[in-house]
Amino acid sequence: MALAAADRYSCGRTDREETMHEPMPSRTLALSRRSLLSAGGLLLAAWGMPAIAGPTRAMVYKNPWCGCCIGWVEHLEANGFAVTVEDSDDLAPVKARLGVPAHLESCHTAVIEGYTIEGHVPAVAIEKLLVARPTLTGLAVPGMPMGSPGMEGATSEAYDVIAFGPDGESVFLHIPA
């Protein structure tokens, strides 16, 4: 019987009318995949593990006229982040609310999975942060170093990504020139 079912879905058939009345194998396969994905998500939830949630979301606060901020947003998007942007003429209250030390400030601020991301922090540093999940407020690249995401150009300079939080500050990642 299994052989007869396999023969029914043979690609070499010429009887067009018979083909039109039979179920499409690819549709059955797609439903099976969907069912398996749903069941897998339920099993992960039952074991206390999060299901696959899609792209990491980023909320970016920036000045409306800042071109390098747009470049940084594009860098995040190119690296798989789902970015929402809120333009503001005054970012000082946002930075204060999110705990950015004044000496680490830059031109834009983001919140990604509860962490504050200040300035031109590269996606590789954010991804490292999200994997490690250390207890800190966030990451910062103070100023606007040449060659950092959004500040690309003919020259690049080395810079540090700074981790900051209640326990102080430290170099989280060094980015060479």
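FYI, it's all coordinate maths here, none of it is from the lab. It should be emphasised that the depicted structure is a prediction, and the values quoted were computed from it without experimental measurement. No Cβ is skipped: glycine too gets one built from the backbone with ideal geometry, and neighbour counts run over all protein chains shown.
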- Query: Given R₀ = 22 Å, FRET efficiency for residue 96-residue 177 by Cβ-Cβ distance, to 0.05?
  - Reply: 0.10
- So what's the projected area for segment 72-111, the Cα convex hull averaged over all directions, in nm²? 3.2
- Message: Could you give each residue of segment 129-141 its phi-based ³J(HN,Hα) in whole Hz, using Karplus coefficients 6.51, -1.76, 1.60 with θ = phi - 60°, and x for Gly or Pro?
- Response: 4, 5, 7, 6, 6, x, 7, 7, 6, x, 10, 9, 10
- Query: Per-residue HN-Hα couplings for segment 151-160, Karplus 6.51 cos²θ - 1.76 cosθ + 1.60 at θ = phi - 60°, whole Hz, x for Gly and Pro?
  - Reply: 10, 5, x, 6, 10, 9, 10, 6, 8, 10
- Report, to two decimal places, the Cα Rg of segment 57-175 normalised by 2.2 N^0.38 Å (N = number of residues). 0.95
- So what are the ³J(HN,Hα) numbers for segment 104-111, from phi and the Karplus equation (6.51, -1.76, 1.60; θ = phi - 60°), rounded to whole Hz, Gly and Pro as x? 9, 5, 9, 8, 8, 9, 9, 10
- Hey, got the Cα dimensions of segment 109-149 along the principal axes, in Å, largest first? 28, 16, 13
- Message: Which residues among segment 85-114 fall inside the zone where the amide N is under 15 Å from a point 7 Å beyond the Cα of residue 169, along Cα→Cβ?
- Response: 96, 99-107
- Query: Counting other Cβ atoms within 10 Å, which GluC sites (Glu not before Pro) in segment 112-177 have at most 12 and lie in a DSSP loop?
  - Reply: 113, 157
- Note on the structure: Projected onto their principal axes, the Cα atoms of segment 121-177 stretch, largest extent first, over whole-Å spans of 37, 21, 16
